[in-house]
Amino acid sequence: MNLKVLFQILRRWPVYLWFFRNGVIFGRWDRLYEDFKHDFLHYKKASLKQKRWAYKNGFLSERIERYGMDESNRKDFISDIEFYKKSSYKNLRFVYWFDDKLTTWYVLQPFREHLPEHYYSIENKKIRDLNQTQAAADNSVEGIMKLLREKKELAFKQTRGGHGRGFFKIAFADGVYSVDNKTASKQDVEKTIRELDGYIVTEYVYAHPQMAKLYAATPEDVKRVTPCVIRVVTVYDEKEGAQVAGTLIRIGAVKAGLKTDYDGAVLCGIDYKDGTLFKPRIDVEGFSTEPCPVHPDSGVKIEGQVPNWDCILREVLRISNTLNNTPYLTYDIVPTETGFKILEINSHGITRILQPFYPFYANEYTRKLFKP
């Protein structure tokens, strides 16, 4: 242990001791410390009395407004501390199936029709063709560039990590290259690809036109804003099989750009019985939410139903029943014209964006799986 790490531990030891006594998994200590520190210093909508009450119960004080939480309904919500206890990690040794997107792609081969087309992996500076239908592999930067000119757009994703970190899009149109919608030279694009490590290259998935109308005022918006991404949370019940525990949608916005968990993105609950949207809210500085009945860019009222909803639920539950050694799964899905595509599955998906619409312990299946 170097001196910098030792000094950090000594400075933070009262909070770390609190984490330790509450059984928080060690790997979350630093991040939770920063979350609580930021909440205490910068969140101004909660009084000191409210902050004390929230912290005493294991929540960031920001959750009071976000969840609509008070003493009468507090026990419907899982706290930030409780969610990151070691005992709350339910997928055990199989987490690696989902903590690495390339591994997830291999695990989900029986359901390949619901995955974006995967073209290349870049690991240890080696480019490998993942397109099994291609007779001769072109494992090179030029191979990726040739594919880009053919497909016009490619998505580049870090194999490990979440919250959109490391994601970017490269496009080619009318002889011009761009990275995340910013013009770039061919040489710069090649340099960017050459420097990547721990990445997969896939098709760039667009949402069903019905959903795109919610956020796209112009055809250009469709290109520069992330598609609508649905989150489906499932729990595998030992007696009743896979069950849905909550669903919501993150609707893109120009301010958020190609990311979904960032300032300006619109969050909206989905009634998982029929796919109806409800209670839209906008993310403000990634730190609170406000009601948002009309999309800030398109001016369209946020309402309606998700297309292909019955198909999405049926297939997600089929996958969760197959992967029954991992009882808690969080899917990120884009509804498309032909069905849906799974962008990723999280092995311990955050509850911050779920609980405004589906309090964790209000669901009998998450309560049964997680409640001490």
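Data table
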{"read-out": "3 or more residues touching a residue at least 12 places away in the same chain (Cβ under 8 Å), within 24 Å of residue 35 (Cβ to Cβ) and touching a strand residue (DSSP E or B) at 6+ places or on another chain (Cβ under 8 Å): qualifying strands (runs of 3 or more DSSP E) within region 264-372", "value": "266-271, 276-284, 328-336, 339-346"}
{"read-out": "Complete set of residues in region 161-179 that are within 24 Å of residue 333 (Cα to Cα) and surrounded by 15 or more Cβ atoms within 10 Å (Cβ to Cβ)", "value": "162, 164, 166, 167, 168, 169, 170, 171, 179"}
{"read-out": "Of the criteria (1) under 21 Å from residue 96 (Cβ atoms); (2) open to solvent by 50 Å² or more (accessible area, probe 1.4 Å), which one residue 194 fails", "value": "(1)"}
{"read-out": "Of all residues in region 280-299 being modelled with pLDDT of 90 or more and in contact with a Lys or Arg (Cβ under 7 Å, 6 or more places away or on another chain), the one that is most open to solvent (accessible area, probe 1.4 Å)", "value": "291"}
{"read-out": "Complete set of residues in region 180-191 that are surrounded by fewer than 16 Cβ atoms within 10 Å (Cβ to Cβ) and either of a type in the set (Gly, Ala, Ser) or touching a Phe, Trp or Tyr at 6+ places or on another chain (Cβ under 9 Å) (or both)", "value": "180, 183, 185, 186, 188"}
{"read-out": "Test for residue 155: is it among the aliphatic types (A, V, I, L, M) and farther than 30 Å from residue 348 by Cα", "value": "no"}
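The values are calculated or read from the model by the stated rules, or taken from the named source; none is laboratory data. For clarity, every value in this text was computed on a predicted model and none was experimentally measured. Positions of Cβ are backbone-derived with ideal geometry, glycine not excepted, and every protein chain shown enters the neighbour counts. For accessibility, only protein heavy atoms count, side chains too; no ligands or nucleic acids. Shrake-Rupley method; radii C 1.70, N 1.55, O 1.52, S 1.80 Å.
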